Every structure is written in structure tokens, then in C-alpha cells.
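Single-structure report; data block below.
What follows is calculated from the coordinates using simple rules that are stated; it is not laboratory data. Predicted, not measured: the structure shown is a model, and the values here were computed from it. No Cβ is skipped: glycine too gets one built from the backbone with ideal geometry, and neighbour counts run over all protein chains shown.
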Protein chains: 4
Amino acid sequence: MAHNIAILGASGYTGAETIRLLAGHSAMRIAALSAERKAGMDMAQVFPHLRHLDLPNLQKIEEINFSTVDLVFCALPHETSQAVIRGLPKSLKIVDMSADFRLSNPDDYKKWYGNPHSAVETQAEAIYGLTEFYRDDIRSARLVAGTGCNAATGQFALRPLISAGVIDLDDIILDLKCAVSGAGRSLKENLLHAELSEGYHAYAVGGVHRHLGEFDQEFSKVAGRPVHIQFTPHLIPANRGILATAYVKGEAQTVYQTLVAQYADEPFITMLPFGETPGTHHVRGSNFCHIGVVADRIDGRVIVIAALDNLTKGSGGQAVQNANLMLGYDETDGLMPVPLFP
Amino acid sequence: MAHNIAILGASGYTGAETIRLLAGHSAMRIAALSAERKAGMDMAQVFPHLRHLDLPNLQKIEEINFSTVDLVFCALPHETSQAVIRGLPKSLKIVDMSADFRLSNPDDYKKWYGNPHSAVETQAEAIYGLTEFYRDDIRSARLVAGTGCNAATGQFALRPLISAGVIDLDDIILDLKCAVSGAGRSLKENLLHAELSEGYHAYAVGGVHRHLGEFDQEFSKVAGRPVHIQFTPHLIPANRGILATAYVKGEAQTVYQTLVAQYADEPFITMLPFGETPGTHHVRGSNFCHIGVVADRIDGRVIVIAALDNLTKGSGGQAVQNANLMLGYDETDGLMPVPLFP
Amino acid sequence: MAHNIAILGASGYTGAETIRLLAGHSAMRIAALSAERKAGMDMAQVFPHLRHLDLPNLQKIEEINFSTVDLVFCALPHETSQAVIRGLPKSLKIVDMSADFRLSNPDDYKKWYGNPHSAVETQAEAIYGLTEFYRDDIRSARLVAGTGCNAATGQFALRPLISAGVIDLDDIILDLKCAVSGAGRSLKENLLHAELSEGYHAYAVGGVHRHLGEFDQEFSKVAGRPVHIQFTPHLIPANRGILATAYVKGEAQTVYQTLVAQYADEPFITMLPFGETPGTHHVRGSNFCHIGVVADRIDGRVIVIAALDNLTKGSGGQAVQNANLMLGYDETDGLMPVPLFP
Amino acid sequence: MAHNIAILGASGYTGAETIRLLAGHSAMRIAALSAERKAGMDMAQVFPHLRHLDLPNLQKIEEINFSTVDLVFCALPHETSQAVIRGLPKSLKIVDMSADFRLSNPDDYKKWYGNPHSAVETQAEAIYGLTEFYRDDIRSARLVAGTGCNAATGQFALRPLISAGVIDLDDIILDLKCAVSGAGRSLKENLLHAELSEGYHAYAVGGVHRHLGEFDQEFSKVAGRPVHIQFTPHLIPANRGILATAYVKGEAQTVYQTLVAQYADEPFITMLPFGETPGTHHVRGSNFCHIGVVADRIDGRVIVIAALDNLTKGSGGQAVQNANLMLGYDETDGLMPVPLFP
């Protein structure tokens, strides 16, 4: 068995991460890579760390012969993604890594992203790509919408607790710390080394970060009632990693055991011993998510902390994991690189 | 006017920071420096960045002639500090930067630090060194106990709100991000560059961090009733800075105006425009504390974020500020270096 | 005595550094700040770390009333700088921090910067701003051309040796390591935190870096014959600092004593004890340059290493030092902030 | 085919790196791990990033049953290593990663390491582990001495040039920049994040770094005459990576073609196009070494720059590569993780 793969938007970090992982896959073969502004370039110029791989040159999307492609990873910016995906052959399987197909209700899309959705009919067939909770749907899906990296981390910490109703649904705070690659390869002053290194700060404070659209959708769905959490992301001077510190109200052992039960058979979600907490350096470059639970000194208050690599489990690794399901591979194929420490 | 100063424990970061600031002071002169294990060494060997200053060599404490000293900055480890300070001449003014005299109740000291306090009578005369709230007491104090760096940051964000009763006193969460110099110059595996750089994690989770002793003491005092907050510190891969993200319940404008009123005349506490939030890189190396207030999307929830430099406003700068009051100088003398950015 | 200062190009790092230093100056007052694209903005928005200073808003250059200005610091990009400076009133004293007036021969300018010089007559009156070697000329100059930051560091290590003829003039290698702020605040992919942090590399290898124009000009001048060195700069994942490692052929003690004699009375150039070497972290944020000399195990080979802060002694600090001379202040006025460590 | 592996000294970075790579090996199985001070501990406590692997607990060396072990990776400190290896069963194959068996002449060992060698007879059978140049000897070796990480990098850049006599053998300068993990997990003040981050400096300047023993031995051997290079290492604020900038005298194209010919069939040594130079971030976490050659503006001067990951190609990866040869595996088995960027 082997499958041909195309990656659209291969000159960004998410594209590069997907290529890195596929290089270790048993049978997916990269057949085409696109990047509009860098079309014609050799990947060794765009990403010298991929120099040793035998990769096709970058093309424009319209130059790709999709008839020989089995599955497309779409690492394009949102808005662009919906326009491109709408035009792809219906026979193609697609894992989208943009924000375009995450929100099933087009009104929600408009609310959080500011524009009306231009591919509403395609949206209707999209499956939300949080593998551990949508595994069966993903297996048979044509289009899977990769989750936001923050949204994935927060859901790993909180979703089973909300689903089981073991915490107060009206008082959930998620204080999240994200490394800089989460912002992509875009040229912004605040992403320069000189601006970011040695400093850190919150951003999108007060409930305006777009990943709240996913939290609202998913948490309300599993709770069977509206659930709105507080969410404050912070930008940290590191390249990879998300650490999500969740403050919830409930009984600590119940919280812990609920998560333990949920993730008992998951290959990538690791529950730490009760009372221990994770660090981002221990999952760097891997598809693992480490979760710890600690009882606060105040009775009935619990802290749940989850750590993952935003480019791997938060994006490219999740995408490959979903593609494995869609194409019938072992779910962990290509996804077992050991974390890089130090 | 001029005063002779001794710094005990001058080979650590707090000692070095105090020297850095005093180098720009109008009239305090460094007359003696101590460091037990490095006694006899030139400061240029211990801290090459201080090489250009005309500083005395390091001595053992017992070698210092305190009769010509007016004020002592004590940058020793806790436990050591109480033993040394107990033995100093009663005529000396002292600014202690350890944890030894922060908790006025000896039982609290034992609870948080594990040992009985060995200088209970000296404790009785110590004034808590949070300048902006103990200014008058500090002016006439003989012994001032510098606050914890996390404790200072959290109090700048929360104390006026608790004092004024404008927030729910039973539901305060403080998620704090601290740079590595807060852990001092001690040789621990987890403080190595290779362990810390590019990674971050929570520590002392669940209400066990010692600075909670200060929060409990001070917040309960101003509230006139017990107040126990939740407090989770995180270690961030940067050298200087504390960012405290506080989650409170109250009315956002009331919260903001309470802080604005409190700090209107403070030279070092800056309220940002409503809705803006601070970054640690904008206070690095300075004695400033920037505070921002944002209303959450959920009614009645407010986020208060404070940023300062743990070695300056959180420790050495606070110490010099207090010494200025104790010796009759302008409170800002030596404390106006502009933040270093980038 | 007091003087009014304007800073053109105040939204870049060099401009910000000059403001930082002037905030501690005894008598220079900032009267005007320009930034074309950010005209109208408050400096607190552009550089929040300068928020506490009472600074004028940013203007376009043509809005500045130069009749009340005594001296202009020009922190504009090269090419722009020559056009602007040509048009300024002849009564103004000017410290330019661009590359435009460093090379006295217009042909050299064209060779290294690719375009003909558009202000040849203004070039003729420019004094090269390496304070320690042009002090008297600078005192009476109208226009001083700040040196390149790499060019300054290399000259501090090598110039006295070339001048004294104590090293082989045909075999000089300068391997230089520069922090990222040397590249300015420009939006380039390779300056992003995610691209630069945790990695390092050489650039402009083989003798093509523009600062070689300055080395050639100055070294040939003091040698009285052509001197062409090898120069390889490297980009290091840090925000501030230049470390220049020079490999020369000569007698180690002669080399050392030549430098010691040259810099004996210099307030900012510090010779380390023979055999010791400097680090950039020990001069960060200061106007100091530390120089060390070590004899190699191979007879007749010597390593000279110089460290300084590219934004301070390499740019803004040098500019203020020159302005002090031009306006009759003590040369160290505003320039004594202690290095920030850690 | 499968082989049982023991790793001695598994609580350091080199040990962890070897485990990381073996986790992806087709047939080597980790049967035993030792760490004296941490004996009894679970690897998940010592290195949480290895938590998902099914690893044996740490033991003391004397507790290991070597009768079921085929090959030992020895990641102990030098001096300790020779004492331990001397006592191991003669039937064991050994890849040593310490400095103890690198220098074939015991006098050289004493000169560079200060003590007489205590296992001279074992030294006699050791093969120097620079795979690309000792491949055949390594295949049949019982004991292979892993090279120094700096020594490997410098040799990749220079050895073929010295061997072919295409450069001046009396004038070779190697300016090397090493990341901090090269110094290991030892608790030293200058390796703390607060001391190292944002600063850099040279060390062991003047020809005293111990890896010069290897350069002298190997370069003299291939030249057939004594060759002594100048070597200056610098410590850079990054966790992984070595960048070696070599200054040589010769003809640039000849230099380039000599290297191209040497490495044409090497799986891990990549020659960049003439004029391009490598960066450490493009080999991070991989077993690749990238080499670039640039002609200087001065005729007859050439710059050769090599980059590799000190923990992988410079240590653990080299060790696995050698073990592959010794046990009959494909040389690249376990060694194809793609570099991690960003």
C-alpha cells in the first residue's frame, strides 16, 4: 500500500512540519508541494533543514496534477483555504490545517473571522479533526478540519471534564502560554527575535481570541448546554510549545480519574502521576500531550495542566494522525519521533 | 549628605542588582561587600560587568567594620539572614531582601519555611517593605523586610481591589510567569540553560509556594477577614521579568478606576490605558511596574495583568527605594534607569 | 547650559537607544522626534518601555521646527540619510548614525553601497565618529558620521596594532559574532524569533560585508599603505552584543602593551588582565568595550577579543559621546548606566 | 537479528540522546541503563521526555548482567570511563563517548588531561571513532573511541584538505561556536540560563582546549608531518549546535572540489553549493553535517564552514553510526530523524 500526497502551502512552518513527519512515514509519498510566491523554488532553498529529502520543487496550485494524488494536506492561510478547497476534485481526501472548516455554523465563522464563509456547502461535510474525540467520523471523512493548536490543548485538558459534568461549567479559566511558531512565518514586528526574546506578554485578552469559537462550539456540544470559558493566551520566548493551565472547580481525584479513564488507551495522550505537572520541553518535536492534575490548597479547586508541541500535536502531527485514519494506516505511523531534549 | 552602605551577600544576583542601582545614586556610597565563600575576591572576578566601579573587595561578614556603616542591604539566603541580622549592631538601619522577616507571625514563618524563627524579637520590629503601601512606616523603620518578587507583583495587581472590596474575595486566581533569575544563582539542574531554554512549566502548583504566606498575611489584613487566593507560578525561559495574570470577579471599570486612583501619584506604578496589557520586556532593568485591566467577554469577570522586573522592582530596586525613605533621600534616587529594550 | 535635540528616525532601535541614554543626560533635552510612517503616534505606542518619559509625539521631518534645535541625531536608513541631511539648515550640528558619511571617498561609497553618493559636498565635511581616535576633530565638527557597529568593535581591537605596526599587516582575520538587534527593526524572515533562536550562522562571508569599506579606509590610513583584512560576521541568537575575535601575528606582550598604552586614559575602553577574555553579557546596555589579549600556543600568534553592545557603544552610545564633545559636555555625560547582568 | 544494548551513564545528555536515537532503531534493544547517583530511579523521572519508552530502570554498573549484553555505549565522564571499561568483559563490544580512548599515545593523554592513563593496554585496541575516515577499522573493532564534538566538526571541514595537501598546513585557524549542551549536565555557574542566555564569549583561548589533542594527532597523521592549528571555541546561547569557521590558505575551487570528492557518497555529510554557508538550526536534532566553502576577497584565502548537532553527529549519533558498523546494520539505521526546525 502506498499513497501520493500533496501539501499546499508548503513554505510555512506547518507545511514544513508535515513534511518532516511524512519523511518517517511507512507509505505516504510526497508527490507535490505548493507555495504561490515561492513557486519554482527548490525546498532546499526555502527550508535548508529538508535538504536531504528527495522532494518535488514548489509549484503553483494550478500546476499540480491532482489526478495522481490521494490526499491533500492544506496548510494555507484561512480564507485562502476555503477558496482553494472548494475548487479541488471531489475525489480527493483533504486534511485542512487552516481555521476555515473548524466552525460548523457559518454564523460562528462570520462572528470570529469577520467574513461570511464562501464554501458553506463544503463546510457541511467537514469533520472536526480532534482525533481522540472524532476518530470514527474521521476514518470515513473526505474533509477533516484540523483544530487550532490552542483549541486542541485546551480541549485535551478540559473536554472530558465538561463532558462528564464533573466540574462547574460556569467557572472555567484557561490561562495558556504559547511559543512563537504558533504565529507562523509571517513578518510582524512583534515576532522579531529582538522584540520577543527575553520578554513575554498576554495577547487577545478578554475573550477575543478566535480559538474561543472552537471552545464554545465543542464544549457546548458535549455539555448539551452553552459553555463559555475564560481564555487568556500569552506569547512566550520559545519556538515550540503550548502550556495550558486550566483552573476548574470540582473534586481533584474525580477530575484526575475522569481524565485517566478517558485517555487510558490513547497512544499520544499521557496522564502524569497525580500531583505532577508537565513541561513543554519534554514534548518538543513530538506528537505527545502530557497532562497533569493538582489539587489546590482550597478545597474544590483543581488545576489541570496540559503541554504539547503546537507544530506537531497541535497541527502537523494531528494532521498526519488524521490522514493515517483516513487512509487506513496505523494511527501512529510516522508519529513516533522521540521529543528532542535538550 | 552621604551615607555608607554595606551589602551582605554581594555575590548573588540581588546583591549585584543593588550595586548596579547604587552606582547611580546621588549619595549612597558602598563601603563594604560580603560573600562568605568568595571572600577576598575582587568584584571584577565575581561580576565582570561591575568591573569599572570602584568597589571594595569581598569580605567575610565578621571582617566588616560596621561602625562606619549607616545602612546594610542584606542579600543573604533565608535562615542565614535572621542569624546574621540578629547579631548586627542595633544602630544600623537594615533592608533585608531575604524571606526571613516578611511574615510577622512566627507561626506563619514556621508553616511556610519549615523551621521555627530564630530571631522572633527582631521580627517584631520589621516593617513589610512594599513601599507603596507602607511608606510612612518605612521612613522611620530600623529594619525593613523586602517582599517576595512574586508577592510584590501580585499585590500591585490585587491589593487595592481587595482593600476596596470591589472584587469577590473568595475567587481570586493569580497565574504568574517568572523569569529564571528569580531562582537566584544557585546550582540546580533545572536552572541550566540546556534545561530551561526553549521550555516552560508550572512549579509549586496547588498552593504550596512560599510567597502565599505573604499574600495570605497582607490580603487578609487589608480585607479584615481571611483571604486565600489561588496562585500558580510558572518558570519562563527569560532572565528577568514577572508577569502576573489575575482573574477576578467584579465590574471592570470599577476595578480599573480603583487601581488608577490608588496609583495616581506613584512614581513607579504605571496604569496602562484601559484594555491594554503590559509586557515584561518593557520594564526590563527598571523599577517600573506596568498594570493593565481588561474586561472579559463574560460579564463580571476582569483580568488584571501586572509586569515588573523581579530583580529591580521585585527586589534590589524595591530595597533601594526603601533605603531612600529610611535615609531621607528622594524616593526615586538611583532608580530612574530607563528599561532596556530590545 | 542646555541644548535642544531632535532625533530623526526615532522608531527604530538606534533611535530608541539614543532616547534611553539622553533620558539620563544632564542637559540635553529632546525637542523633536521623527518617524515617517508612524508620524502622529505617541512614543508610548511605538516603544512602551519609554512610556514614563515626557517625550514629544512623532512627526514627519518637514513638520519639525529646526530653528530651536541645536543638534540632530539622525537614525535614518542609509540613502535616506544623505538626502535628508543635505537639506537640513547649515547651522545645525548633526550626528549621523547611518552609513552615508562614513566613507570619505565617494568612489568607496559607490563600491560598497551600490549607488553614487548624492551629497558629495556634505560628505567632505563629515568627521568619522570613532571617538577615541577622532576626538579633537569631533569637538569642532558640524557633521559626525557614526561608525558601523562591527567596524567600531574591530577597530578597537586592531587599530592601535596596525597603527603601531606591531602585527603582520597582510594576515589579519576578524571573526565577528553579532547579536540580532544589529540588523535593526526590519521585517525579514531570518530575523524572526522562530528562525533565529537556538541557531546561528555566518553571513556576508568572503569579504562582502559593507563594514569592510570602513576597515579598508581606516586601517590603510593609519598604516600608510593598503591594509585589507579578512572579515566574517556571524549572527548569534541574542539581542545585544558584538564579540570580535581577531587573529593576528605578532608578539603577544607587545600587542597587549600597545593596547594598554593606547587605552590607558579612555573612560569606556577597558583592557582586561593579560590572558583574560571578555563576554558580551558583561557590557550589555552599557557604553563599555572590554578587550582581552591571549597568546596562542603557536609562537607569534595572538588572539585579541573585543566585546561591546552594538546598540550602545556600537551606535547610540557612541553618538551621544560624540554629541557631548560637539556641545561641550563631559564626554561621559548620560553614558554611565551599569551593564545589565543577568 | 537483534542486539541487546547497555548504556552506562544514562542520566546525562549524551546518554539521553543515544536513547532517543535507539528508540527508532530497527533492532537494537535497550537492556540496561546505568547512573550511579540516580540508580533505582525510573527514566521518566530523570528525563520526562523519554517517558513513553519502555525503558529499564537506572542501575549501578555492578548490578548489570553483562552476559546478555552485546554492545555497551559508555557515556561516563573521562577518567571514570577508563576505569569502568577496563573492567568490562572482553567479549563486549564498546562504543565509548568519553575522551579516554581518543588519544592513542598515552603521553598525549597525560599532556591534555593531566593524569596518566590507567588503561594503557585497553587504549591500544581502541579505534578512533570518526566514522567517515575509519569505517573499515570500526567494522571489526571491539572498542571505538567517540571523538570530541568540536574535534569531529573541525575534522569534517579540514581533514580532507590537510590529507590532500591543498592548503597551507602551517596557517590554519579554526574559530568554533558551540552550544551549551556540549558542556554536559554539570552544575556550573556559567552554564546557568541566567548567566548564558543573551551573552556569549570565547573560552579555552590560546591553544589549551583538550580537543586540540585530537586535532594534532589526526591532522599530523594524515599530513605525515606535524600539523598544529589555532583553535578558539566560543560558547553560544543555544542548546544544540556547533558551527566551525575555518580560515585556510589555498585555492577556493580546489578546496571545494576536494571536499566534494571526499564526501560524495557519505550519507550524512552534505556539501552545500559553492558560496553557500550552513546554519546550526538546519541540522538540529539530526545526524547531518552541512559544509560550505567561500572564496575570500583576498586571493588564496578560503573560508570553510561546517555545522552539526553536537549531541547527534557530534556524539550520540556518531556512536550509533559506529555501533551500526560494529553490529552489521545499515550505517544509517536509527539515524534518519529530520532536523527540527523551527
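Ranked by how many other Cβ atoms sit within 10 Å of their own Cβ, fewest first, the residues B:T153, B:T14 fall in the order B:T14, B:T153. Across region B:150-310, Cα-Cα pairs more than 29 Å apart make up 16 percent of the total.
In terms of the Cα gyration tensor, with a ≥ b ≥ c the square roots of its eigenvalues, is region B:57-105 rounded because a/c is under 1.5, prolate because a/b exceeds b/c, or oblate? Verdict is prolate for region B:57-105.
Relative contact order of region D:150-310, taken over Cα pairs closer than 8 Å and 6 or more residues apart, is 30 percent. Residue by residue along C:271-279, Cβ atoms of other protein chains within 10 Å of the local Cβ number 4 on average.
Judged by the gyration tensor of its Cα atoms, with axes a ≥ b ≥ c, region D:1-98 is oblate; a/c meets the 1.5 cut and b/c is at least as large as a/b. Measuring between their Cα centroids, region D:70-96 and region C:265-332 lie 48 Å from each other.
Position A:E79: other-copy label points at 3.0, 6.0, 6.5 nm, ordered by increasing distance, label point 7 Å along Cα→C-beta. Distances from A:L92 to itself in the other copies, using label points 7 Å out along the Cα-Cβ axis, amount to 5.6, 5.6, 7.6 nm in increasing order. If you take all other residues with their beta carbon under 13 Å from the beta carbon of D:S26, and give Lys and Arg +1 and Asp and Glu -1, the sum is -2. Of all residues in chain C, the one whose Cβ lies closest to the rotation axis carrying C onto D, together with that distance in whole Å, is C:D175, 2. Be a star and scan region A:68-112 for residues whose amide nitrogen sits under 16 Å from the point 7 Å along the Cα-to-Cβ vector of A:M1. Flagged as within label range: A:70-71, A:93.
Each copy carries a label point for A:P226 at 7 Å from Cα along the beta-carbon vector; from one copy to the others these points are 3.7, 7.9, 8.5 nm apart, nearest first.
Taking the fewest neighbouring Cβ atoms within 10 Å as the starting point, the ordered list for B:F219, D:F341, C:F133 is C:F133, B:F219, D:F341. A simple spin-label model places pseudo-atoms 7 Å from Cα toward Cβ; at B:S26 and D:S140 they are separated by 8.5 nm.
Connecting C-alpha atoms closer than 10 Å in a GNM of chain A, tell me which of A:R86, A:R159, A:R102 has the biggest fluctuation. Between A:R86, A:R159, A:R102, it is A:R86 that shows the largest mean-square fluctuation.
Sorting C:119-129, D:19-29 by average packing, meaning the other beta carbons within 10 Å per residue, from highest down gives D:19-29, C:119-129. Residue by residue along D:289-299, Cβ atoms of other protein chains within 10 Å of the local Cβ number 4 on average. Panel order for D:L130, B:L169, by other beta carbons found within 10 Å of each beta carbon, from fewest to most: B:L169, D:L130.
What you get for region B:57-156, charging only the Cβ of Lys and Arg (+1) and of Asp and Glu (-1), is a dipole of about 20 debye around the Cα centre.
Using only side-chain charges placed at the Cβ, +1 for Lys and Arg and -1 for Asp and Glu, the dipole size of the protein assembly as shown relative to its Cα centre rounds to 0 debye. Across region C:127-166, the residues whose backbone nitrogen lies under 20 Å from the label position 7 Å along the beta-carbon direction of C:V260 are C:156-166. Averaged over peptide C:226-237, the number of partner chain Cβ atoms lying within 10 Å of each residue's Cβ comes to 5.
Dividing the mean sequence gap of close Cα pairs (under 8 Å, 6+ apart) by how many residues chain C holds gives a relative contact order of 18 percent. State log₁₀ I(q)/I(0) for chain B at q = 0.10 Å⁻¹ as given by the Debye formula over alpha-carbon point scatterers of equal weight, solvent excluded. Debye curve over Cα of chain B, log10 I(q)/I(0) at q = 0.10 Å⁻¹: -0.57.
Each Lys or Arg adds one and each Asp or Glu subtracts one; over the other residues with Cβ under 11 Å from the Cβ of B:L76, this totals -4. Grab the other residues whose beta carbon is less than 11 angstrom from that of B:T122, score K and R as +1, D and E as -1, and report the net. So the environment of B:T122 carries a net charge of -1. Out of B:D42, B:D265, B:D100, any idea which swings most in a Gaussian network model of chain B, alpha carbons joined below 10 Å? Highest fluctuation of the listed residues: B:D265. Looking at the square roots a ≥ b ≥ c of the eigenvalues of the Cα gyration tensor of the protein assembly as shown, which shape do they give, rounded for a/c under 1.5, prolate if a/b is larger than b/c, or oblate? It is rounded, given that a/c, with a ≥ b ≥ c, falls under 1.5. Distance between the C-alpha centers of region B:114-137 and region C:194-228? Whole Å please. Spelled out, the Cα-based centre of one part sits 57 Å from the other.
Of B:V144, B:V320, B:V205, the residue with the greatest mean-square motion in the GNM of chain B, using alpha carbon springs below 10 Å, is B:V205.
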